[in-house]
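To start, the structure under review is shown below, and the notes come after it.
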Amino acid sequence: MNKNTIKQLTAYPKPTDSQRCRKFFKVELIKHTITSIYQKFLETGSVHDLSRAGRPPTITKDKVEEVKEILKMEPANSVKNVAQQANISKTQAHVIMRDIIWFKP
């Protein structure tokens, strides 16, 4: 949590006092925003969002390492061949090769 956020949350007994916050932080804050941030801080001790469930990543570190090994043994492999050898989709193989290990397929 940054120091300005802590100051904002603890400096004022009334968390909805937007005029004081505006004067202190030189930004326009809406009462609802101040109240919700303050309430989150009181409940969790932090103003950061809680982690939420979501779609799990499809490209894992293990798969990246596997693709690296495949390309180390045979650099001239096509995206299709790498995907088949690593048992991943062609799109995943292409993303790993192009964006993660900067290999130009």
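The values are calculated or read from the model by the stated rules, or taken from the named source; none is laboratory data. Bear in mind that the values here come from a model prediction, so they are computed numbers and not experimental data. Cβ sites come from the backbone with ideal geometry, for glycine too, and all protein chains shown count toward neighbours.
So the values come out like this:
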| quantity | calculated |
| --- | --- |
| Qualifying residue in segment 53-76 (condition: in contact with a Ser or Thr (Cβ under 9 Å, 6 or more places away or on another chain) and of a type in the set (A, V, I, L, M)) | no |
| Qualifying position, being charged (D, E, K, R), without any contact (Cβ under 8 Å) to a residue 24 or more places away in the chain and surrounded by 11 or more Cβ atoms within 10 Å (Cβ to Cβ), among LYS68, LYS90 | LYS90 |
| Top-ranked residue in segment 25-54 [being among the acidic types (Asp, Glu) and more than 30 Å from ILE96 (Cβ to Cβ); ranked as modelled with the highest pLDDT] | GLU43 |
| Residue ID - farthest from LYS40 (Cα to Cα), chosen from residues in segment 75-87 that are free of Cβ contacts under 8 Å to residues at least 24 places away in the same chain and surrounded by 12 or more Cβ atoms within 10 Å (Cβ to Cβ) | ASN77 |
| Selection count where residues are farther than 20 Å from ASP99 by Cβ and not charged (D, E, K, R), scope segment 55-75 | 1 |
